[in-house]
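Notes to accompany the following structure.
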Amino acid sequence: MNEAALTPTAAITPTAAVEEPTLVRPYGDTTGDGMVQVSFTLPIPHSKRAEGAAAQLANKMGINPALVVHAKAMGPDFTFFVVYGPVSHLVDLSAVKVVEREFPLLTAKEVNAAVKSRLRRRLVVVGACIGTDAHTVGIDAILNIKGFAGEKGLEYYSEVTVVNLGAQVLVPELVERARQEKADAVLVSQVVSQRDAHLYNTMEMSAAFREAYPAGKTPLLVVGGPRFDESATAELGVDRIFGKGTTPSEVASYLVHTLIRPGGQTGERQTGERQTGERQTLEGQTMEGQTGDSPHE
Amino acid sequence: MPPRSEASPLALDAAVVRRARTLARKAGAPVVKLAKTHTTLSVERATLRLAGLSGADAERIPWVNHLVDRVRAEVGLEHGVALPVWDALARGEAPDLLTLAQKAAAGSVGLRLPEGKRAARAGRAARADVSGGIRRIDRSRKDRQRLIGKLGDPRQRPWVYLIVATGDIYEDIPQAQAAAREGADVIAVIRSTGQSLLDYVPEGATREGYAGTYATQENFRLMRAALDEVSSELGRYVRLTNYASGLCMPEIATLAGMERLDMMLNDSMYGILFRDINPIRTFVDQRFSRQIHARAGIIINTGEDNYLTTADAVEAAHTVTVSQLLNEYFAKEAGLADWQLGLGHAFEINPDLPDSFRLELAHALLARTLFPDAPLKWMPPTKHMTGDIFRGHLLDGFFNLAGALTGQGILLVGMMTEAVVTPWLSDRDLALQNVRYVMNACAGLREDFRPPPDGFIATRARQVLGEAVELLDEIVDDGLLNAIADGTFGLMRRPADAGKGLDGVFRRASGYVNPAVDLLAEGAKR
């Protein structure tokens, strides 16, 4: 398709010691050509007009001229398009902002190695759905070996002991079990959010842990669910909130980052951190709604 | 399917194959004994469903749960629900099952274990009612045969299997019909995540599921009716699949049989390993559900592909073979025929590995050769799908090619957007084009594909079979339940005295009566 590509407007002659450019364009086969490819479906039958519609959409995306290189009917009501063309937009590298995760993402192997070498015992995680919530989807996605989004759950990690209490666990029961198991972290999943049940349940849970443990000795309290505001840690009295689409390795990496300081062998956390709730959030970093198409149930 | 007389293309030693099957039988037999001497909450609830009890209270708790829980609380379940329930009906506690269940929920019914003549009478009445459900399953099977006779089967093998998973049955229906029109021969409605751990079957048509749609009797009925409609339009019978797994496996199997589902995912160990369901609960439930599937003419799909997502697909290749042999033993013991065994396996070898495709062919051909009359279920790559959709599309093409070359029976269509998004309309269309291209280009290539007996593929296949026999040997020595407890499969340790649903397992007392179990074992209609 390169024959059809536009020639670049201006030939840039690079000098030996150019600085890194702050403005860049997409690259097809020539510097500055701005070429991109996109594919999409429109809910209209395939016709000449449909191809015009695709070109119009591409124009509105900044692709001009738009080369509709492929159009195919998918059933009577839809048409699939592939469009090539130069995009008029520039990328300003100096204006790129990225919200960084506050912890590095580790593989299962790295998590196991960190626990083994630095904690020198297995990391104990107790998980539950509390209150009337019977939706164990979230907690199971994180803890069960089956996992989520192509990742295995924490059960799969050889250096992590997982105690999954399942659905409708009472808060006192959860606290008792966490003490028995000497839990390093407690993971609570809340899906039902009618009348803010997820918020009240979480606050009840964190208050119960503060009451039952000496100050600064509570296990790491982590909640997750689709309706939480990830920055509300202080308000809810927990250490971390995970939103929709969080994967097991994110949780495992967070646990290692927070509980196992580099060099330090025990997880002496600074509990003050929790009170201020000033940790950065994962906003914008989660895989929203990407459940994947697992053919394995 | 090749005739049995065809010489083994892999030069497998017939004695080794026989030994593998003998060992699978030895490993499985003690577990079958356990299954025959225990019952579970869900087996008893399935029995009531066969007798016609359905529906739920205002809180959506099914009546079968209410009634079984009441029997359990008052007389225990060691004798089964049949005697106390039909004794209560005979004593006029309620005019019918539904009223009895409603009264049981309110706590206003007296249940007891009848003896002597009263027990015999209750047993006969129970059998009469339960046989109604069995005959309904028989009718569904006949209906399927009639429709296949009229409309015909897919013209090609493998059958093209596509997943629908919106969470809303009323969205699933047009999607499933569209998929059938685009070429799908089998539609699987994936279940809502977490349904496997619910100890009840939800009721009615459902519109809210998480990454899938709840399996309910009404959803089954609606989808089957929609596929019947599109089947007549297309002139080929489009099959419907769901999942008989989790804590309600026997009930879901029963509902599937009654509502004419055509295939069910039903693995002997999946729930134990991947859902932490108690092993004994699983084996008891599984045997009952497989007896139902056998009766209903349903093709089961087993889940060996799952092992390869946790373990390495080359190192763990033999665990797939072992599991296939165990699934075959348990299935046949429960009355399933070869044509009903959709034994699973998958294309999950790391594509960066040298000779990865030759290894895939070796493993796929081994399964094909060991189970010549089974419609093997061939699962697409998932583990090495990275989000690079272009590479993924190529990998799916090779997966399709391996399926054609090795004569797989059911091909689950791989999506290039695996691990990126739930499939878009265009993803599905491109995936089906991929399948069609391969089938059109080389459906008959299998005839020409005869790997030499001393070549890489045949040698590798024999090696995997050898490793499978070694592992089976160990399992027989150790006992299957101990092997599961020790983490032999999928690296998970699952002891027999732990896991979900254990408190719903009961050792059958000597006077245990369950007409469903009897009717299925005898193959009787009344």
*Residues of the range B:172-195 being touching an Asp or Glu at 6+ places or on another chain (Cβ under 9 Å), part of a loop (DSSP other than H, G, I, E, B) and under 15 Å from B:G409 (Cα atoms), which ones?*
B:D185
*Being closer than 23 Å to B:I190 by Cβ, out of contact with any strand residue (DSSP E or B) (no Cβ under 7 Å at 6 or more places or on another chain) and not small (G, A, S) is the filter; apply it to the range B:309-320 and report the residue that is surrounded by the fewest Cβ atoms within 10 Å (Cβ to Cβ).*
B:T310
*Does at least one position in the range B:22-36 carry a residue that is among the β-branched types (V, I, T) and free of Cβ contacts under 8 Å to residues at least 12 places away in the same chain?*
yes
*B:K500 fails exactly one of the following numbered conditions: (1) out of contact with any strand residue (DSSP E or B) (no Cβ under 8 Å at 6 or more places or on another chain); (2) within 30 Å of A:A167 (Cα to Cα); (3) not hydrophobic (A, V, I, L, M, F, W, C). What is the number of that condition?*
(1)
*Restricting the first residue to the range B:495-520 and requiring it to be over 17 Å from B:G80 (Cβ atoms), which pairs with a second residue that is of a type in the set (D, E) meet a Cβ separation below 6 Å and a spacing of at least six or different chains?*
B:G499/B:D276; B:K500/B:D276
_Tally, over the range B:254-308, of residues that are in a helix (DSSP H, G or I), within 14 Å of chain A (Cβ to nearest Cβ), crowded, with 24+ Cβ neighbours inside 10 Å and of a type outside the set (S, T, Y)_ = 7
*Members of the range B:389-420 found to be within 14 Å of chain A (Cβ to nearest Cβ), in a loop (DSSP other than H, G, I, E, B) and more than 17 Å from B:E348 (Cβ to Cβ), listed by number*: B:T417, B:V420
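Within the range B:201-224, is even one residue in a helix (DSSP H, G or I), within 20 Å of B:M263 (Cβ to Cβ) and more than 20 Å from the chain's Cα centre (by Cα)?
Within the range B:201-224, one or more residues are in a helix (DSSP H, G or I), within 20 Å of B:M263 (Cβ to Cβ) and more than 20 Å from the chain's Cα centre (by Cα).
For B:E259, state whether it is out of contact with any helix residue (DSSP H, G or I) (no Cβ under 7 Å at 6 or more places or on another chain) and within 19 Å of B:V64 (Cβ to Cβ).
On the way: out of contact with any helix residue (DSSP H, G or I) (no Cβ under 7 Å at 6 or more places or on another chain): no; within 19 Å of B:V64 (Cβ to Cβ): yes.
The answer is no for B:E259.
Considering each of B:F489, B:F456 in turn, give the residue that is at negative phi, touching a Phe, Trp or Tyr at 6+ places or on another chain (Cβ under 9 Å) and outside the structural domain of B:R118 (by TED's automatic domain parsing).
Values: B:F456 fails: touching a Phe, Trp or Tyr at 6+ places or on another chain (Cβ under 9 Å).
After applying the criteria, what remains is B:F489.
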*Select from the range B:286-316 the residues that are of a type in the set (A, V, I, L, M), touching an Asp or Glu at 6+ places or on another chain (Cβ under 9 Å) and at pLDDT below 95 and list them in ascending order.*
B:L308, B:A313
_Considering residues of the range A:152-177 that are surrounded by fewer than 18 Cβ atoms within 10 Å (Cβ to Cβ) and within 10 Å of another protein chain (Cβ to nearest Cβ) only, the residue nearest to A:V256 (Cα to Cα)_ = A:S158
*For residues that are within 30 Å of B:T40 (Cβ to Cβ), surrounded by fewer than 20 Cβ atoms within 10 Å (Cβ to Cβ) and among the acidic types (D, E), scanning just the range B:172-211, find the one that is farthest from the other protein chains (Cβ to nearest Cβ).*
B:E203
_Name the single residue that is modelled with the lowest pLDDT among those in the range B:213-271 being under 23 Å from A:K146 (Cβ atoms) and β-branched (V, I, T)._
B:T213
*Does A:G85 meet the test of being surrounded by fewer than 15 Cβ atoms within 10 Å (Cβ to Cβ) and outside any loop (DSSP other than H, G, I, E, B)?*
no
*Looking only at the range B:336-370, and only at residues there that are hydrophobic (A, V, I, L, M, F, W, C) and surrounded by fewer than 20 Cβ atoms within 10 Å (Cβ to Cβ), the one that is farthest from the other protein chains (Cβ to nearest Cβ)*: B:A337
*Which of the residues spanning the range B:228-253 are surrounded by fewer than 24 Cβ atoms within 10 Å (Cβ to Cβ), touching a residue at least 60 places away in the same chain (Cβ under 8 Å) and of a type in the set (D, E)?*
B:D228
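Just to confirm my filter: which helices (runs of 4 or more DSSP H) fall fully inside the range B:421-504 and include at least 3 residues that are surrounded by 14 or more Cβ atoms within 10 Å (Cβ to Cβ) and modelled with pLDDT of 95 or more?
Values: elements: B:425-442, B:456-478, B:480-485.
Ranges flagged: B:425-442, B:456-478.
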*Scan the range B:427-454 residue by residue and report those that are touching a Gly at 6+ places or on another chain (Cβ under 9 Å) and basic (K, R).*
B:R436, B:R446
*asked:* Please verify whether B:E418 is touching a Ser or Thr at 6+ places or on another chain (Cβ under 7 Å), modelled with pLDDT under 95 and not polar (S, T, N, Q), treating the condition exactly as stated.
replied: yes
*Has the range B:162-171 got any residue that is part of a helix (DSSP H, G or I) and over 30 Å from B:S426 (Cα atoms)?*
no
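The values are calculated or read from the model by the stated rules, or taken from the named source; none is laboratory data. Given the structure is predicted, the values throughout are model-derived calculations rather than measurements. So basically every Cβ, Gly included, is an ideal-geometry build from the backbone, and we count neighbours across all protein chains shown.
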